[in-house]
1. If we restrict to alpha carbons, what Rg and Dmax does the stretch 244-303 come to, in Å?
2. Based on alpha-carbon positions alone, could you give the equivalent ellipsoid semi-axes of the stretch 278-326 from the gyration tensor, as √(5λ), descending, whole Å?
3. Binning every alpha carbon pair distance of the chain at 20 Å from zero, what are the percents per bin?
4. Pop out the carbon and sulfur fraction of the accessible area of the stretch 131-237 as a percent, whole number, probe 1.4 Å.
5. What are the semi-axes of the equivalent ellipsoid of the stretch 317-365, taken as the square roots of 5 times the eigenvalues of the Cα gyration tensor, listed largest first and rounded to whole Å?
6. Once each part is reduced to its C-alpha centroid, what is the distance from the stretch 361-435 to the stretch 154-179 in angstrom?
7. On average, how much accessible surface per residue is there in the stretch 36-175, in Å², for a 1.4 Å probe, leaving out ligands, DNA and RNA?
8. Have a look at I255, M224, T273 and report the one farthest towards the positive end of the charge dipole of the stretch 210-361, computed about the Cα centre with Cβ charges (Lys/Arg +1, Asp/Glu -1).
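The values are calculated or read from the model by the stated rules, or taken from the named source; none is laboratory data. Model, not experiment: these values are computed from the prediction. All Cβ positions, glycine included, derive from the backbone under ideal geometry; neighbour counts span all protein chains shown. To get the accessible areas, we keep the full protein, side chains included, count just its heavy atoms, and leave off ligands, DNA and RNA. Shrake-Rupley method; radii C 1.70, N 1.55, O 1.52, S 1.80 Å.
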Amino acid sequence: MFEGFDPVLLARIQFAFTISFHIIFPAFTIGLASYLAVLEGLFLATGRAVYMETFNYWVKIFALSFGMGVVSGITMSYQFGTNWSVFSDKTGPILGPLMAYEVLSAFFLEAGFLGIMLFGQKRVGPKLHFAATLVVAIGTCFSAFWILSVNSWMHTPAGYGINEVGQFVPEDWWAIVFNPSFPYRLVHMVLAAYLTTAFVVGAVAAFHLLRDRANAHARLMFSMALWMATIVAPMQIVAGDFHGVNTLEHQPAKIAAIEGHFETNSDGSMPLTLFGIPNMETGRTDYAVDVPYLGSLILTHSLDGVVQGLDAFPRDEWPNATIVFWSFRVMVAIGFAMLGIGLWSLFKRYRGSLFSSTWLQRAMLAMGPMGFVAVIAGWITTEVGRQPFTVYGLLRTSESHSPIAAEAVGTSLVAFVIVYFLLFGAGTFYILRLMGKTPTPFEEDSPPHQPTRAAGITPAPSLEGRNTPEPAES
């Protein structure tokens, strides 16, 4: 079935497919864990039951999303051994410890306190339960720290040496972990996670407000989500600008591909191409709609700043401009739409009609999944823009692949597609069902069916005052 296919291309498609599924869950749980911590903190500070009731509404959704994120991440690690064994061998001395640190610190921190967060509400004190929730939220951000450090090193490698067998070996761990692009990527990703969660929460709230405008829980969620959008969306745009300038410094070919910029403008008059169709064969962007000088202004903060085009690099090192040109614009368009929603909500707050604006609620409902789309589009821009390298400028993708036949890679790809759509389709369907339930005041759980003591002698009920007959003599 896959005879004649390129095994490297199939392996790249397989990894892209699995990571596209995986990334949506951490992007959601990072933001949702922090949201849960804020809700519980507000409950402890104010004593208002609506905060804890909203916490209980979202904690089940968090547990399911966290579990699916763990499962979807496990399969990716196996691909390093099956499809990318050469990459694993050459980068293992650096990336292996970083991945281990993520498991030993961040994941164990999350998993260790997740049980208390989910099941300890009636078994530990409220302050200890809040501490567990806070630790889980910190753990999710700590996990992003290590994963983004690994990925950033692949884009801007630093602090390494190469041994006699061609492996990358550590020479300066501080330089490795805090490589040149890492701070920008970390901030950009964490803010993206918060925005993604805000719009999911806001969409769920809008759904319920459209059915019952007086629902206190939906009003709380809607207001908090729009405050997050209003504050974080402009921060994300600024962070994206800093990230773009950093990328121009360290990966100029990626920026040229993103902008559909094939020819270097020696006079520094690089336009901003709003739309067009980059043509990799002819080396030009067809049907381009340009704004003169704006490209130089955005990227160099100067009207006459010179930005290299793809013609400044060997043709076999060009990223696929057609893909990254559009994936980047999808991400940016969604970011500005989020900013627009935030500004719209400010106007409605000022007018006192935040909860009565049907059009705002419908817009928020439509924007609910857009955070995930933006995250995936941003990830495509980042990873396709790094090609044709796995370690930028040092290790090519074609040299990183395992010596494995296309048939084997293709068969496992088909299996992944089938299993993922069945498993994660069912999980996503159940999450949507939970989101569709109307938030209501928290009801006490039914009495547990398990014994209250794990070991030891359970005291018998007191017989005092009962008219119990004496046992018969044998």
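1. 11.0, 31
2. Values: eigenvalues 89, 40, 17 Å².
So the three semi-axes of the stretch 278-326 are 21, 14, 9 Å.
3. Over the chain, the share of Cα pairs per 20 Å bin runs 21, 49, 24, 4, 2, 0 percent.
4. Details: 2740 of 3930 Å².
Ligands and nucleic acids excluded, carbon and sulfur give 70 percent.
5. On the way: eigenvalues 247, 19, 4 Å².
After scaling each eigenvalue by five and taking roots: 35, 10, 4 Å.
6. 27
7. Values: 6150 Å² over 140 residues.
Heavy-atom accessible area per residue stands at 44 Å².
8. Farthest towards the positive pole: M224.
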